[in-house]
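Peer 1: The structure under discussion is supplied below as structure tokens; questions concerning it will follow.
The values are calculated or read from the model by the stated rules, or taken from the named source; none is laboratory data. Being a predicted model, the structure only gives us computed values, none of them experimental. Positions of Cβ are generated from backbone atoms using ideal geometry, with glycine treated the same way; all protein chains shown enter the neighbour counts.
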Amino acid sequence: MADEPVSTGKPLARVDGPLKVTGGAKYAAEYDVPDLLHGVIVPSSIAKGKITGFDTEEAIAFPGVLKIFTHQNRPWGPHFSLFFKDPMGPPGRPFRPLHNERIHFSGQPVALVVADTFEAARDAAALVRVSYREEAHATDLEKEAVSAYEPPRHRIGVPPTPKPTGDAGTAMAAAPVKVEATYRTSPENHHPMELLATTVHWGADNTITVYDKTQSPKSVQIYLKTAFLFFRRHVRVLSPYVGGAFGLGLRPQQSVFLAVLAAKALKRSVRIVIPRDQMYTLGYRAHAIQTVALGADEFGRLQALKQDAIAATSRNEDAQDPMLYFSGLLYRCDNVSLSYKLAKLDTVSPCDMRGPGATTGMFALESAMDELSYATGQDPLALRYANYTSDDQMEHRRMSSKALMDCYEQGAEKFGWSLRTPAPRSMRDGRELIGWGMATGIWDAALSPLPARATVTLTADNCLEVATSVTDIGTGTYTILTQLAADAMQLPVDRVTTRLGDSSLPYNPTQGGSWTAATAGSAVQAACDKLKKKLLKHSTGREPFNPDMVPRRQFVDLLKGAGKSSMKATATITQLSAGRGFTSATHSAVFAEVRIDEELGVIRVTRIVSAIAAGRILNPLTAQSQIRGASVMAIGKALHEDAAYDHNLGRCMAHSFADYHIPSNADIFDLDVIFVDEKDEEVSPIGAKGLGEIGSVAVAPAIANAVFHATGHRVRELPITIDRLL
Ligand code: MOS
């Protein structure tokens with residue numbers, strides 16, 4: 001038999017693709033369970049104050065309505081106690097729907113109408129009358145920034161803002177060239193294709209099966225167990241397919257909380273879908289005001305770097321993201337000072353969103369670097385070369401790998417950067433101004449902070465099953481795990497089935513942080529290694545020296561030889577599985593072309609070249625899709641997305657795609673992706689770094705810099721809408 005080709009590193013099409021395009025893949029709101037009830041949330045119409053009463057008479061009389069839950073009649077649960085903490089959440093107290101009469105933000109759930117059809121619940125929800133005693137609210141970051149504070153340290157997965165190095169103040173004062181400017185970004189709402197939804201199937205013996213839109217079925221299971229006092233074995237959470245999540249599904253959300261609350265109280269199956277116009281009530285990318293000061297010598301070499309950020313959070317939590325974590329890592333500079341503060345607003349807590357923090361922090365830093373290039377009369381790319389560093393100067397240690405120089409060179413070559421004429425407004429095509437801009441990107445490349453397990457099972461029909469509880473949020477996890485396992489067991493990929501997104505599978509915390517490929521992939525590889533050793537031991541009676549020395553296609557023979565119908569192995573990966581004593585990061589160089597109608601100010605991003613250094617690329621097809629998708633999202637950040645508030649009402653005014661603009665197909669042109677060679681045997685056992693989020697980090701600043709090059713007008717606020725440009 002011909003040798004099966006090695007699959008890892010090849011552009012295998014998504015193994016879950018056919019199911020997704022034929023409707024075979026089911027999402028949380030699509031599970032049909034018998035006697036299903038439907039819940040619809042009634043959102044608060046004020047931003048702050050107290051509920052003084054409900055008039056539910058008309059709503060409860062509506063045909064089909066079973067129950068209207070409010071804080072006055074909801075059942076008690078431990079989640080309402082003073083001591084309840086969300087283990088994955090930021091410092092502070094998590095918001096709990098229907099807790100009490102307090103209103104924390106506009107759109108907060110104040111009642112849940114449960115009916116036997118969705119339509120009845122929706123219509124009855126419109127009939128619930130709520131009276132309030134309003135209090136003065138504060139939703140304007142510009143005003144609240146004066147009371148910004150340094151947040152207490154957070155949590156799993158959010159690295160702290162680095163301590164200062166050197167003396168930025170003195171070095172700044174002495175620097176011959178200085179630029180200083182303030183940059184603003186707008187809040188952004190999550191709008192994945194799949195709405196947030198939960199279907200709870202109430203089973204016999206008080207067991208529940210929960211189909212939830214989450215990035216972490218295990219976290220949701222653990223949360224439900226403690227929040228509602230279930231035995232863990234009585235709660236199973238499934239999210240085998242997720243229609244985009246991007247951070248919204250990292251924490252248990254309102255829909256799962258309320259659906260389980262209602263199901264448990266009524267002992268019935270319940271579904272809740274959060275409608276598009278309530279998506280702004282779930283968590284948003286924090287907006288920020290950042291000041292960057294750069295001091296350099298006449299050759300553009302940085303002498304001092306200062307970045308001060310004030311970002312939004314809610315009244316009840318210190319929600320954080322690594323906005324400045326990377327700012328000291330990109331360039332050679334001895335004097336770095338970073339400060340990250342939060343200002344409290346009467347909104348829901350911000351939450352992670354694709355490249356959390358970094359996309360915002362890098363917009364400011366990379367815009368300032370562009371300003372410095374003009375101040376020193378240098379090409380923006382030459383300025384990056386002048387400040388290149390291979391080390392982590394903040395922690396004084398090496399990087400496990402950093403092929404950023406190759407990103408610059410190959411990206412510039414592909415883009416044709418050398419043809420750029422430096423002066424603003426110097427490139428045009430008819431009535432269109434052309435601008436070319438670039439920026440550097442960086443993102444974390446670590447293994448998951450929590451351990452992850454995977455199990456592989458070989459059966460006598462020469463099939464392998466891979467199982468781990470983490471989800472595939474559309475990133476290609478099913479595919480790359482299948483490829484890795486197929487190669488490890490010397491099987492063709494169609495002999496391998498991967499099962500994901502089920503809390504009953506081996507513990508694997510969360511799809512997020514761009515750590516899943518490296519973490520779950522390493523766990524699968526380790527499980528395969530263990531299985532091979534086990535098989536060899538059973539056949540020869542001793543541990544093999546090297547399991548890969550076995551001739552091909554023999555593993556199933558070993559299994560049969562041992563007289564077994566199946567054999568399995570489970571392995572665990574922790575952060576200790578990576579090497580030590582270095583810093584790891586994924587890097588990018590992004591080059592963007594904009595064309596701007598000179599009279600109308602309409603901006604089109606006509607070309608983006610993203611050159612990415614992300615270690616070993618497990619599947620160039622799914623990897624490219626990650627970078628393209630992230631680029632589209634970042635074009636939204638740069639030009640379109642603004643969850644604008646009416647501060648009089650204290651409410652987000654963007655309730656639909658008519659007023660919350662995201663890029664449409666007509667906004668997207670060429671998105672070119674290059675993966676540069678980067679060998680890194682320390683960052684993870686399989687040599688892979690994360691690459692989901694790096695695709696978005698440098699895109700917005702590259703576009704903003706291109707807009708300056710095209711027009712000579714520096715817009716320091718995202719999104720760059722026409723009114724801000726003209
Ligand atoms: Mo990502 S923002 O960790 O889903």
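Peer 1: Is it the case that Ile608 is over 28 Å from Ala245 (Cβ atoms) and surrounded by 24 or more Cβ atoms within 10 Å (Cβ to Cβ)?
Peer 2: On the way: over 28 Å from Ala245 (Cβ atoms): no; surrounded by 24 or more Cβ atoms within 10 Å (Cβ to Cβ): yes.
Against the criterion (over 28 Å from Ala245 (Cβ atoms) and surrounded by 24 or more Cβ atoms within 10 Å (Cβ to Cβ)), Ile608 does not qualify.
Peer 1: Of the numbered conditions (1) under 19 Å from Leu127 (Cα atoms); (2) surrounded by fewer than 20 Cβ atoms within 10 Å (Cβ to Cβ); (3) within 32 Å of the chain's Cα centre (by Cα), Lys67 satisfies every one except a single condition; which is it?
Peer 2: If we test Lys67 against (1) under 19 Å from Leu127 (Cα atoms); (2) surrounded by fewer than 20 Cβ atoms within 10 Å (Cβ to Cβ); (3) within 32 Å of the chain's Cα centre (by Cα), just (3) comes out false.
Peer 1: Residue pairs, Cβ under 7 Å, 6 or more apart or interchain, first in segment 197-225 and under 16 Å from Ile272 (Cα atoms) and within 16 Å of the ligand (Cβ to nearest atom), second in a helix (DSSP H, G or I) and not basic (Lys, Arg). List them.
Peer 2: Correct list of pairs: Asp212/Ala28; Asp212/Val220; Asp212/Val256; Lys213/Ala28; Thr214/Val220; Val220/Val256.
Peer 1: Additional query: Given Leu505, Leu484, Leu535, which one is more than 16 Å from the ligand (Cβ to nearest atom), more than 25 Å from Pro11 (Cα to Cα), aliphatic (A, V, I, L, M) and modelled with pLDDT of 95 or more? Spell out how you get there, then give the answer.
Peer 2: On the way: Leu484 fails: more than 25 Å from Pro11 (Cα to Cα); Leu535 fails: modelled with pLDDT of 95 or more.
Being more than 16 Å from the ligand (Cβ to nearest atom), more than 25 Å from Pro11 (Cα to Cα), aliphatic (A, V, I, L, M) and modelled with pLDDT of 95 or more holds for just one of Leu505, Leu484, Leu535, which is Leu505.
Peer 1: Could you please give the count of residues in segment 232-287 that are within 16 Å of the ligand (Cβ to nearest atom) and of a type in the set (Gly, Ala, Ser)?
Peer 2: Selection size over segment 232-287: 8.
Peer 1: Just give me the residues in segment 690-720 being touching a helix residue (DSSP H, G or I) at 6+ places or on another chain (Cβ under 8 Å), assigned to a loop (DSSP other than H, G, I, E, B) and either within 20 Å of Gly435 (Cβ to Cβ) or at pLDDT below 95 (or both), in sequence order. Let's see the steps before the verdict.
Peer 2: Residues of segment 690-720 touching a helix residue (DSSP H, G or I) at 6+ places or on another chain (Cβ under 8 Å): 690-705, 707-708, 711, 713-720.
Next, from what is left, pick out any that are assigned to a loop (DSSP other than H, G, I, E, B): 690-693, 698, 713-716, 718-720.
Gly690, Leu691, Gly692, Ala698, His713, Arg714, Val715, Arg716, Leu718, Pro719, Ile720, listed by residue number.
Matching residues to (1) on the phi > 0 side of the Ramachandran plot; (2) over 28 Å from the mean Cα position of the chain (by Cα); (3) not in a helix (DSSP H, G or I):
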{"site": "Ser106", "(1), (2), (3)": "no, no, yes"}
{"site": "Ser131", "(1), (2), (3)": "no, yes, yes"}
{"site": "His137", "(1), (2), (3)": "no, yes, yes"}
{"site": "Glu144", "(1), (2), (3)": "no, no, no"}
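Peer 1: Can you name every residue in segment 305-336 that is in contact with a Phe, Trp or Tyr (Cβ under 9 Å, 6 or more places away or on another chain), of a type in the set (Lys, Arg) and farther than 30 Å from Asp86 by Cα?
Peer 2: Of everything in segment 305-336, just one residue is in contact with a Phe, Trp or Tyr (Cβ under 9 Å, 6 or more places away or on another chain), of a type in the set (Lys, Arg) and farther than 30 Å from Asp86 by Cα, namely Arg332.
Peer 1: Ok, one more. Within 16 Å of the ligand (Cβ to nearest atom) and either within 26 Å of Thr477 (Cα to Cα) or hydroxyl-bearing (Ser, Thr, Tyr) (or both): is that true of Leu691 in this structure? Write out each step before concluding.
Peer 2: Values: within 16 Å of the ligand (Cβ to nearest atom): yes; either within 26 Å of Thr477 (Cα to Cα) or hydroxyl-bearing (Ser, Thr, Tyr) (or both): yes.
So Leu691 fits the description; yes.
Peer 1: Hey, another quick one. Name the residue, out of Ser418, Ser469, that is of a type in the set (Gly, Ala, Ser) and in contact (Cβ under 8 Å) with a residue 12 or more places away in the chain.
Peer 2: Values: Ser418 fails: in contact (Cβ under 8 Å) with a residue 12 or more places away in the chain.
Sole residue among the options that is of a type in the set (Gly, Ala, Ser) and in contact (Cβ under 8 Å) with a residue 12 or more places away in the chain: Ser469.
Let's see how each residue does on (1) assigned by TED's automatic domain parsing to the domain that holds Ala654; (2) buried (at least 24 other Cβ atoms within 10 Å of the Cβ); (3) over 25 Å from the mean Cα position of the chain (by Cα):
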position	(1), (2), (3)
Ser216	no, yes, no
Phe228	no, no, yes
His234	no, no, yes
Val256	no, yes, no
Val260	no, yes, yes
Lys264	no, no, yes
Val273	no, no, no
Ala296	yes, yes, yes
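Peer 1: Going through segment 238-286 one residue at a time, which ones are closer than 27 Å to Leu450 by Cβ, outside any loop (DSSP other than H, G, I, E, B) and aromatic (Phe, Trp, Tyr)?
Peer 2: Matches in segment 238-286: Phe257, Tyr284.
Peer 1: One residue is enough: does segment 659-682 have a residue meeting the conditions over 15 Å from Ile603 (Cβ atoms), under 21 Å from the mean Cα position of the chain (by Cα) and buried (at least 24 other Cβ atoms within 10 Å of the Cβ)?
Peer 2: So far as segment 659-682 goes, no, none of its residues is over 15 Å from Ile603 (Cβ atoms), under 21 Å from the mean Cα position of the chain (by Cα) and buried (at least 24 other Cβ atoms within 10 Å of the Cβ).
Peer 1: Among the residues of segment 427-477, count how many are outside any loop (DSSP other than H, G, I, E, B) and either aliphatic (A, V, I, L, M) or within 16 Å of the ligand (Cβ to nearest atom) (or both).
Peer 2: Result for segment 427-477: 16.
Peer 1: Please go through segment 508-525 and give me each residue that is assigned to a helix (DSSP H, G or I) and either within 16 Å of the ligand (Cβ to nearest atom) or assigned by TED's automatic domain parsing to the domain that holds Ile694 (or both), ordered by number.
Peer 2: Quick first cut of segment 508-525, residues assigned to a helix (DSSP H, G or I) only: 516-525.
If the condition is that a residue be assigned to a helix (DSSP H, G or I) and either within 16 Å of the ligand (Cβ to nearest atom) or assigned by TED's automatic domain parsing to the domain that holds Ile694 (or both), then Thr516, Ala517, Ala518, Thr519, Ala520 are the ones that fit.
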